[in-house]
Amino acid sequence: MSVSIDLTGRTALVTGSTQGIGAAIATQLARAGARVAVNGRTPDRVRAAAAALRDEVPGAEVVEVAADVATAEGAEQALALLPTVDILVNNLGIFGAQPALKIDDAEWRRYFEVNVLAAVRLTRAYLPAMMERGWGRVQYVASDSAVVIPAEMIHYGVSKTALLGVSRGFAKAAAGTGVTVNAVIAGPTHTGGVEEFVYQLVDRNLPWAEAQREFMRVHRPQSLIQRLIEPVEIANLVVYLASPLASATTGAAVRVDGGYVDAIVP
């Protein structure tokens, strides 16, 4: 018996999808047959990411949504370009190390605007039509930091904790409609941004392979796979949750964290 995921006829918006995890999610959704909207703040980056996706998945139907969805104006621009979606993946997020007592009000607000409120706005915009149609998927890419707040970036961790509550709340709002709403708890993942973050915490003179091992040993020793997760590994779970196969999974915080969170329940 084989398992196949076919999202032909579905339209997916992946926020913050010009690079990293978002780009991997967009690619895997396209492989499954979905029409995929690539989103980023600038037309040039969106255009380049869309071209790369078309090269990676020949025949893919790709929509370019250049808009800063962390702002109300940007969300309106995205809605004008893409009025309805079947799958909304709220992937957009920022992170960075900063001493807890040095994080000022403006930085706290910035993290909330980008990591939380952007997802809330888009969910509020797209969810009602999904409920009316009787099918839809909303996902929030959270983080192990939502559960294990990192001392070096508590503002990031708290914003991801908020996403877990947002996800559960909107799942209740969509109860019984055929729409599922879930959060994906991603563990330490290998992206360009994370490479820079790792080098904020370990010796910049180390080769990347050694720097990664040192980072995991010192800063993420709970990981059971003892390596950074590859973006496609996060994307594969997102695609499954977007599929009809996951029709009974909603209101959940599903982990793809390499065993990082030390718990036996989600």
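The values are calculated or read from the model by the stated rules, or taken from the named source; none is laboratory data. Not measured: the values here are computed from a predicted model. Cβ coordinates were reconstructed from backbone atoms using ideal geometry, including for glycine residues, and neighbour counts include every protein chain displayed.
Computed quantities for the displayed model
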read-out	value
Set ILE264, ILE225: member being in contact with a Gly (Cβ under 9 Å, 6 or more places away or on another chain) and closer than 19 Å to VAL148 by Cβ	ILE225
Residue count for the range 1-22, restricted to those that are buried (at least 24 other Cβ atoms within 10 Å of the Cβ) and touching a Pro at 6+ places or on another chain (Cβ under 8 Å)	1
Residue in the range 240-266 that is modelled with the lowest pLDDT, counting only those that are loosely packed, with under 13 Cβ neighbours inside 10 Å and of a type in the set (Gly, Ala, Ser)	ALA263
In the range 32-51, the residues that are assigned to a loop (DSSP other than H, G, I, E, B) and either within 26 Å of SER4 (Cα to Cα) or not charged (D, E, K, R) (or both)	ALA32, GLY33, ALA34, THR42
